[in-house]
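Visitor: Pasting in a structure now, in structure tokens, and then I'll have a few things to ask.
The values are calculated or read from the model by the stated rules, or taken from the named source; none is laboratory data. From a predicted model like this one, the values you see are computed outputs, not experimental measurements. Glycine also receives a Cβ, built like all others from the backbone with ideal geometry; neighbour counts cover every protein chain displayed. All accessible areas refer to the heavy atoms of the entire protein, side chains included, with ligands and DNA or RNA removed. Shrake-Rupley method; radii C 1.70, N 1.55, O 1.52, S 1.80 Å.
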Amino acid sequence: MGQPLLYSLIDKAVYEYAMLPPGSRVLVGASGGKDSTLLVDYFANRMKRRNGNDFSFTALYVHSDFASPFNTDLLSFFQDLHVDFAEIQADVLARLKPGRKMNCYWCSMQRRTELIRYALDNGYDTIALGHHLDDILETLLMNMLGKSVLSTMPPVFQYDKYPLRIIRPLCYAPVDMIVSYAKEQGWHSMTCTCDYQENSGRKEMRKRLDALTDGDADKKMRLFNALKHIQHEYLP
């Protein structure tokens, strides 16, 4: 039996963007949600297919001061996959400057900081994040409409300051396909339980993206590919 179409899309992204050079040591940001769970499952599957010779990886959960403990059923699933798992604490609220309001972006950046610190301290050269196709396009719209900037989250990003890079292997995977696959697998996902989610404009961009593409995965992919075929002579 062949692998799921979803995994073929991830394989395609990994290959086309050269995300996993031989010997890569990867730290997967494991939030407990469907996207990062898919990443962990994919990497475990890839190691099995390639006899573990390609790369190594660890799943890391950054536990913030207002988040739930990591889901025990999900942890058992990782153990069944023989995945190395680690957990660290990040007091996100305590870092908030006086007079500033808590929001999703701040929380995300603090957890990213902890991922970077852990990776550098423990010899990882790559951090894998579970941003999918819709996340990337929503960020594109947010930056265009909110900042007048044509930018988004790249599939591969190399830090200038650190010997470390970010990869997003789900960049070709539409969210609807991920949701369907997660339901098929019966994963026990853990969602964010904080009180600050409404501060993010991402939900609004999600609606606009769906209106722009009619929720069609092919149209979303064409929008993504447009970022790789920019005709500068026809722009201001």
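Visitor: For the range 148-155, check the following and say yes or no: at least one residue is out of contact with any helix residue (DSSP H, G or I) (no Cβ under 6 Å at 6 or more places or on another chain), assigned to a helix (DSSP H, G or I) and open to solvent by 40 Å² or more (accessible area, probe 1.4 Å).
Guide: No, because not a single residue in the range 148-155 is out of contact with any helix residue (DSSP H, G or I) (no Cβ under 6 Å at 6 or more places or on another chain), assigned to a helix (DSSP H, G or I) and open to solvent by 40 Å² or more (accessible area, probe 1.4 Å).
Visitor: I need every pair where a residue in the range 37-60 that is within 17 Å of T72 (Cα to Cα) has its Cβ under 8 Å from the Cβ of a residue that is among the small types (G, A, S) and open to solvent by 50 Å² or more (accessible area, probe 1.4 Å), sequence separation at least 6 or different chains.
Guide: If the second residue must be among the small types (G, A, S) and open to solvent by 50 Å² or more (accessible area, probe 1.4 Å), the pairs left are T37/S189.
Visitor: Going by the structure shown, is L145 in contact with a helix residue (DSSP H, G or I) (Cβ under 9 Å, 6 or more places away or on another chain), within 28 Å of D218 (Cα to Cα) and in a helix (DSSP H, G or I)? If you could, list the steps in order and put the result at the bottom.
Guide: On the way: in contact with a helix residue (DSSP H, G or I) (Cβ under 9 Å, 6 or more places away or on another chain): yes; within 28 Å of D218 (Cα to Cα): yes; in a helix (DSSP H, G or I): yes.
For L145, the condition - in contact with a helix residue (DSSP H, G or I) (Cβ under 9 Å, 6 or more places away or on another chain), within 28 Å of D218 (Cα to Cα) and in a helix (DSSP H, G or I) - is met.
Visitor: On the basis of being in contact (Cβ under 8 Å) with a residue 40 or more places away in the chain and on the phi > 0 side of the Ramachandran plot, does G32 make the cut? Can you show your working first?
Guide: Details: in contact (Cβ under 8 Å) with a residue 40 or more places away in the chain: yes; on the phi > 0 side of the Ramachandran plot: yes.
So G32 passes the test.
Visitor: Taking T58 and the conditions (1) of a type in the set (S, T, N, Q); (2) within 21 Å of C171 (Cβ to Cβ); (3) surrounded by 19 or more Cβ atoms within 10 Å (Cβ to Cβ), which numbered condition does it fall short on, given that it satisfies the others?
Guide: Against the list (1) of a type in the set (S, T, N, Q); (2) within 21 Å of C171 (Cβ to Cβ); (3) surrounded by 19 or more Cβ atoms within 10 Å (Cβ to Cβ), T58 comes up short only on (2).
Results for (1) open to solvent by less than 60 Å² (accessible area, probe 1.4 Å); (2) in contact with a Lys or Arg (Cβ under 8 Å, 6 or more places away or on another chain); (3) farther than 22 Å from S24 by Cβ; (4) free of Cβ contacts under 8 Å to residues at least 60 places away in the same chain, shown as yes or no for each residue.
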site	(1), (2), (3), (4)
A67	yes, no, yes, no
T72	no, no, yes, yes
F77	yes, no, yes, no
I88	yes, no, no, yes
N103	yes, no, yes, no
R117	no, no, no, yes
L120	no, no, no, yes
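Visitor: Within the range 20-31, can one find any residue that is open to solvent by 50 Å² or more (accessible area, probe 1.4 Å), of a type in the set (K, R) and out of contact with any Ser or Thr (no Cβ under 7 Å at 6 or more places or on another chain)?
Guide: Start the filter on the range 20-31 by keeping residues that are open to solvent by 50 Å² or more (accessible area, probe 1.4 Å), which leaves 21-23, 25, 31.
Those left that are additionally of a type in the set (K, R): 25.
Those left that are additionally out of contact with any Ser or Thr (no Cβ under 7 Å at 6 or more places or on another chain): none.
Within the range 20-31 (the criterion being open to solvent by 50 Å² or more (accessible area, probe 1.4 Å), of a type in the set (K, R) and out of contact with any Ser or Thr (no Cβ under 7 Å at 6 or more places or on another chain)), the answer is no, since none of the residues qualifies.
Visitor: Turning to a different aspect of this structure: Please list, ordered by first then second residue, the pairs with beta carbon atoms under 6 Å, 6 or more apart or interchain, first in the range 204-223 and closer than 16 Å to M177 by Cα, second of a type in the set (V, I, T) and surrounded by 13 or more Cβ atoms within 10 Å (Cβ to Cβ).
Guide: Sorted first by the residue in the range 204-223, then by its partner, the pairs are K219/T213; K220/T213.
Visitor: Determine, yes or no, whether I10 is at pLDDT 90 or above, surrounded by fewer than 19 Cβ atoms within 10 Å (Cβ to Cβ) and closer than 19 Å to I166 by Cβ. Reasoning before the result, please.
Guide: Numbers: at pLDDT 90 or above: yes; surrounded by fewer than 19 Cβ atoms within 10 Å (Cβ to Cβ): no; closer than 19 Å to I166 by Cβ: yes.
No, not satisfied.
Visitor: Within the range 183-202, is there a residue that is at pLDDT 95 or above, surrounded by 14 or more Cβ atoms within 10 Å (Cβ to Cβ) and within 17 Å of the chain's Cα centre (by Cα)?
Guide: Here is the first cut: in the range 183-202, the ones at pLDDT 95 or above are none.
Scanning the range 183-202 turns up no residue that is at pLDDT 95 or above, surrounded by 14 or more Cβ atoms within 10 Å (Cβ to Cβ) and within 17 Å of the chain's Cα centre (by Cα).
Visitor: Report, by residue number, each residue of the range 209-236 that is modelled with pLDDT of 95 or more, under 17 Å from V149 (Cβ atoms) and open to solvent by 80 Å² or more (accessible area, probe 1.4 Å).
Guide: none
Visitor: Identify, by number, the condition in (1) within 21 Å of L133 (Cα to Cα); (2) out of contact with any strand residue (DSSP E or B) (no Cβ under 8 Å at 6 or more places or on another chain); (3) not aliphatic (A, V, I, L, M) that N53 doesn't meet.
Guide: N53 satisfies all of (1) within 21 Å of L133 (Cα to Cα); (2) out of contact with any strand residue (DSSP E or B) (no Cβ under 8 Å at 6 or more places or on another chain); (3) not aliphatic (A, V, I, L, M) except (1).
Yes/no per residue for (1) at pLDDT below 95; (2) polar (S, T, N, Q):
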site	(1), (2)
E87	no, no
A94	yes, no
P98	yes, no
M109	yes, no
R112	yes, no
N122	no, yes
A128	no, no
H131	no, no
